[in-house]
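Please treat every number below as a calculation from the coordinates, not as lab data. Since this is a predicted model, take the numbers as computed values, not measurements. Counting neighbours? That spans all protein chains shown, and the Cβs are built from the backbone with ideal geometry, glycine included.
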Amino acid sequence: MSQRILSQCRKELAQFQRDRLTLALAFILPLMTLLIFGFAIRLEVQNIALAVRDYDNSPLSRAYIERLFATRQFQPVRMVELSSIHPEAIIDAGKAKAVVLIPPDFSRQIQSNFPVDVQVLVDGTDVNNARIIKNSLQATTQFFLRQTRFQTPANLIVARIRLWFNPGRQESLSIIPGLYAVILWIYPSLLMAIAMVREKEKGTLLQVYASSLTATELLLGKGLAYLLVGISEAIIVMTLGAMIWHLRFATFPIPLLVGTLLFIADAVFFGLLIGVRTSNQNSAVQAVALIGFLTALLLSGFIYPLNNIPFPLSLISTIVPARYYIEITRDAFVRGTGIPGVWFALVMLVVLGFLLFSAARKGLSKMQL
């Protein structure tokens, strides 16, 4: 049995080397995806359109405005063309995400050590964005008061915030490990599905049906070949990630190595299932793109927090293998808890891989003579 599996594997690798399209899908497109998404995706909010209406127009109020825009998080909106518009209408029209209204007695109140109210209107359409604007304006105001020595002893509570695991707030530590999951899910499964469907289109699968090769042997042989291809892809993208974004292990890498092997096996089994269930290459590509790519991108916690996924989509996310592999990669490169922190993710990858392979084997067994 093992000899026949190895023979099937060698035959798949020989076909793989001869097909330029397959080689491009295996190595060029994963690298392009890594580079494009790695550089393009940023979760940090910048260039927020901010309008300021200064009714005081004093040196102190102008210094306060300069401090707001010195953070480089806000982009000033030209008030010349908005001077006749009500502040609420500025936000309604989408001209600005926030409007700061400085009262006429701004300087006089501060210099007399009396509190002054600065009204801020924030567009709350995007909750996360609104929270960022609010926190940034509060922090900038406190910094301005300290800088101008107008801060009073009334500020008895001081929030000392420290970011755990990623004190430098490097987005690459969050984006790149998640991107590994998307890449290593899409391309091995896509290659596997195309290879499986190609057997149907050329009619060579009928020869296999007529032979003594069982469905399990056929699937394992073909899957082993593309498991090796997927491992090659993983080595390349992770090496490139370490070279460009300087990702380093935060813990012993054994959980990552085991998790990567299991995750690629899950991707290959998913490709086998798609290949068994579809009749041509176009259908297989669309199925992988629709089912595999969208779930790995949107329901895995890569872009949006899992807690934000509404019901019943939250149930679907529990059977998305990329969700568990992202936990493993982020732990390996950022958190560093090791096996105690990712054991459940490893178990889920084993369970999901078994279910995917069983479904593919069941579908192929029905087609055999």
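Stretch THR216-GLN142 to full length: gain in nm at 0.36 nm per residue minus the Cα-Cα span?
On the way: separation 74, 0.36 × 74 = 26.64 nm, distance 6.65 nm.
Result: 20.0 nm gained on full extension.
For the range 200-235 and the range 238-305, what is the centre-to-centre distance using only Cα atoms, to the nearest Å?
Cα centroid to Cα centroid, the span is 19 Å.
At ALA89 and MET243, where each label point lies 7 Å from the Cα along Cα→Cβ, what is the point-to-point distance in nanometres?
5.8
For a quick protection proxy, order the peptides 96-102, 55-61, 281-287 by their average other-Cβ count within 10 Å, most packed first. Let's see the in-between values first.
On the way: 96-102: 22.9, 55-61: 14.7, 281-287: 17.0.
Top to bottom by mean Cβ count within 10 Å: 96-102, 281-287, 55-61.
Rounded to the nearest 0.05, what FRET efficiency do ARG131 and ILE235 have when you use their Cβ-Cβ distance and R0 = 51 Å? If you can, show how the numbers build up before the last one.
Values: r = 40 Å, r/R0 = 0.78.
Calculated value: 0.80.
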